[in-house]
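Below is one structure, written out as structure tokens; comments come after it.
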Amino acid sequence: MKDRIVMVLCNLKPVKMRGVTSEAMVMCASSPDKVEVLIPPNGAIPGDLVTCEGYPREPEPQLNPKKKIFETCAPDLKTNDDCVACYKGSALVILGKGPVKAPTLKGVNVK
């Protein structure tokens, strides 16, 4: 993972993992046999926002942790036949740079 550009879901509710508090998650394509870190498009830099095509970016000032928003959305995060990470079939992209992809996994969950 060193010196790699990856997609990270940030500002999650803090949890302890192996004795370390974590507030983010590296996003991966996952099958029962294999896990692949999602790869941002060429030219992506740390801090680039990932958006979902067809969905306006209208962040809430503060999310209610009791609503479990990520858990509600997670089942609809999958890769398509081109290995592009999608939400309900709409590509996750960095505007002006391209889609976020898995190296080889098609039609699998993104976690």
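The values are calculated or read from the model by the stated rules, or taken from the named source; none is laboratory data. Everything quoted here is computed from the prediction, not taken from an experiment. Ideal geometry is used to build each Cβ from the backbone, glycine not excepted, and the neighbour counts take in all protein chains shown.
If you take the residues of region 23-38 that are acidic (D, E) and surrounded by fewer than 12 Cβ atoms within 10 Å (Cβ to Cβ), which of them is nearest to L95 (Cα to Cα)?
So, considering only residues that are acidic (D, E) and surrounded by fewer than 12 Cβ atoms within 10 Å (Cβ to Cβ), the one nearest to L95 (Cα to Cα) is E23.
Going residue by residue through region 44-53, is there one that turns out to be in a strand (DSSP E or B) and in contact with a Cys (Cβ under 7 Å, 6 or more places away or on another chain)?
So far as region 44-53 goes, no, none of its residues is in a strand (DSSP E or B) and in contact with a Cys (Cβ under 7 Å, 6 or more places away or on another chain).
So that you can scan it fast, the table gives a plain yes or no per residue for (1) touching a strand residue (DSSP E or B) at 6+ places or on another chain (Cβ under 9 Å); (2) β-branched (V, I, T); (3) under 14 Å from K101 (Cα atoms):
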site: M1; (1), (2), (3): yes, no, no
site: I5; (1), (2), (3): yes, yes, yes
site: L12; (1), (2), (3): yes, no, no
site: T21; (1), (2), (3): yes, yes, no
site: M25; (1), (2), (3): yes, no, no
site: P32; (1), (2), (3): no, no, no
site: L49; (1), (2), (3): yes, no, no
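Is it true that D33 is modelled with pLDDT of 90 or more and touching a Lys or Arg at 6+ places or on another chain (Cβ under 8 Å)?
no
Applying the selection to region 39-74, what residues are of a type in the set (D, E, K, R) and either closer than 15 Å to K88 by Cβ or in contact (Cβ under 8 Å) with a residue 40 or more places away in the chain (or both)?
Matches in region 39-74: D48, E53.
Select from region 45-71 the residues that are at pLDDT 85 or above and closer than 13 Å to C10 by Cα and list them in ascending order.
P46, G47, D48, L49, V50 - these are the residues of region 45-71 that are at pLDDT 85 or above and closer than 13 Å to C10 by Cα.
So in region 69-108, with the set limited to residues that are of a type in the set (S, T, N, Q) and closer than 17 Å to C28 by Cβ, which one is nearest to the chain's Cα centre (by Cα)?
Of everything passing the filter in region 69-108, T79 is nearest to the chain's Cα centre (by Cα).
Filter region 12-28 for residues that are assigned to a loop (DSSP other than H, G, I, E, B) and either among the hydroxyl-bearing types (S, T, Y) or under 16 Å from T51 (Cα atoms) (or both) and give the result.
Correct list: M27 only.
From the list P75, P41, P56, which one is exposed (fewer than 13 other Cβ atoms within 10 Å of the Cβ) and part of a loop (DSSP other than H, G, I, E, B)?
P56
Quick test for you: out of K97, K88, K106, pick the one residue that is within 21 Å of P56 (Cβ to Cβ) and without any contact (Cβ under 8 Å) to a residue 40 or more places away in the chain.
Criteria check complete, one pass: K88.
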